[in-house]
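K.L.:
Below: one structure in structure tokens.
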Amino acid sequence: MNAFPTNASVLIDQVTKIYGARAALTEVNLHLDPGQCVALVGHNGAGKSTLIKLMLGLIRPTHGQVRLLGEDPAGAHAARLRRAVGYLPENLAFHPSLTGQETLDFYARLKNVARAGNTDLLARVGLEAEAARRRVGTYSKGMRQRLGLAQALLGQPKVLFLDEPTTGLDPALRQVFYEIVQELRAAGVTVLLSSHALTELEGQTDRIIVMNRGVKIADGTLADLRHLADLPVRIQATGAPAGAVADALGTLGQVSTNGHAVECRCAGGDKVAVLRRLTNLPLADIAVMEPSLDELYAHFLRREQAA
Ligand SMILES: Nc1ncnc2c1ncn2[C@@H]1O[C@H](COP(=O)(O)OP(=O)(O)OP(=O)(O)O)[C@@H](O)[C@H]1O
């Protein structure tokens, strides 16, 4: 475990998990630090849920070690450790005849934490008194997801695992959701969220871990992943003819037309030089489009399949 920082909230050290003849995870190494929001992305069956279950101590690795807040999450102190952890599963089913307040009180008892702050916790996730008094059976998908988040926040966890937390939420609610995640991160909470919604993760997470068929294939900040992938940057310019743009760029980039704009593609390392040349032209507007997380993800998968 020496390669990992000692203050990491979660350590996954050379972990392999085998079910029958199938390896769900193969020699995975990763660590999550306090105050970090990390996205775990990958296709269906990539091993995301298996990783979260290992971190929660719900299953044990076939090989390797898992540490949660410095301890074995499936070891002797599992019950105490779980109080320091919040988990929002992908599909959380609540009893329809309980109210929101009763549901949260029920989970507080299960987790053995005080119920005193539950009304405030419900308000924090946007379930005010009237909503908290309603039966969960009458809740919208968004309200159920808010209640799920409140359940995960019980006991002020130090580590939070959120499995596909924004699926089915409208954009406004997603915004609220990410605001809460930012507050938690600022308070030093470690947040791991698994998601298929790559575009919305941009700007919300400190790091992105890409899984494919049980193997970690990329791990870094968006800037790290962009640097590693070295995909072309697209620059759209309007107001100058394509010929003039192509002449200005020479061999620095490829030029095509996209509607009324001229699009230049260039290597990330040539971006600044290309912009310098373009700004000598009488442009009306210019936009730089870095490779999106979707494009990076597709790139890492392609690279893996080609290997
Ligand atoms: N309890 C189990 N028994 C047998 N195989 C399992 C079990 N749990 C997971 N697997 C297998 O392990 C692999 C990884 O599954 P996992 O659920 O971790 O993927 P995932 O990335 O969470 O997928 P999804 O996005 O669909 O939730 C898959 O091939 C899956 O079929």
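K.L.:
In debye to the nearest 20, how big a dipole does region 215-307 give about its Cα centre with +1 on each Lys and Arg Cβ and -1 on each Asp and Glu Cβ?
P.N.:
140 debye
K.L.:
Cα centroids of region 4-41 and region 212-256: how far apart, whole angstrom?
P.N.:
Going from one Cα centre to the other spans 31 Å.
K.L.:
OK, next. Report relative contact order for the chain in percent, whole number only (criteria: Cα-Cα under 8 Å, sequence separation at least 6). Could the numbers behind the result be given before it?
P.N.:
On the way: 560 pairs, mean separation 58.2, N = 307.
After rounding, I find 19 percent.
K.L.:
Give, rounded to the nearest 20 debye, the magnitude of the charge dipole that the chain has about its Cα centre when Lys and Arg contribute +1 at Cβ and Asp and Glu contribute -1 at Cβ.
P.N.:
Computed charge dipole of the chain: roughly 980 debye.
K.L.:
How far is helix 171-186 tilted off the main Cα axis of the chain, in degrees rounded to 10, range 0 to 90?
P.N.:
In the chain, helix 171-186 runs at an angle near 70 degrees to the longest axis.
K.L.:
May I ask for the angle, rounded to the nearest 10°, between helix 141-153 and the longest principal axis of the chain, with both axes built from Cα atoms and the value confined to 0 to 90°?
P.N.:
The angle comes out near 70 degrees.
K.L.:
For every helix of n ≥ 4 consecutive DSSP H residues, a contribution of -39,500 (n - 2.57) applies; sum these over the chain, divide by its total residues, and give [θ] at 222 nm rounded to the nearest 500 deg cm²/dmol. Write out the running numbers ahead of the final one.
P.N.:
On the way: 12 runs with 109 residues, N = 307.
Calculated at 222 nm, the ellipticity per residue is -10000 deg cm²/dmol.
K.L.:
In debye, nearest 20, what is the charge dipole magnitude of region 15-69 about its Cα centre with +1 on Lys and Arg Cβ and -1 on Asp and Glu Cβ, if you could check? Don't skip to the end; give the middle numbers.
P.N.:
Numbers: 6 positive and 2 negative charges, 42 e Å.
So the magnitude is around 200 debye.
K.L.:
Could I ask something else about it? Cut-off is 10 Å between beta-carbons; in what order do 22, 207 appear when sorted fewest neighbours first?
P.N.:
22, 207
K.L.:
Which whole-Hz ³J(HN,Hα) couplings does region 93-102 yield from phi under the Karplus relation 6.51 cos²θ - 1.76 cosθ + 1.60, θ = phi - 60°, glycine and proline marked x?
P.N.:
9, 9, 6, x, 8, 7, 6, x, 4, 4
K.L.:
Provide the net charge surrounding residue 250, with neighbours chosen by a C-beta distance below 13 Å and charges set as Lys +1, Arg +1, Asp -1, Glu -1.
P.N.:
Numbers: positive: 276, 277; negative: 247, 270.
Taking every other residue near residue 250 into account, the sum is 0.
K.L.:
Give the order of 95, 31 when sorted by the count of other beta carbons within 10 angstrom, beginning with the fewest.
P.N.:
95, 31
K.L.:
If you don't mind, another one. Most exposed first by the Cβ proxy, i.e. fewest other Cβ within 10 Å, how do 285, 105 rank?
P.N.:
285, 105
K.L.:
Within the chain, what is the number of lysine pairs with alpha carbons under 25 Å apart, leaving out pairs fewer than eight places apart on the same chain?
P.N.:
14
Values in this text are rule-based calculations from the coordinates and carry no lab data. This one's a predicted model, so the numbers in the text were calculated from it and none came from an experiment. Neighbour counts run over all protein chains shown; Cβ positions are idealised from the backbone, glycine included.
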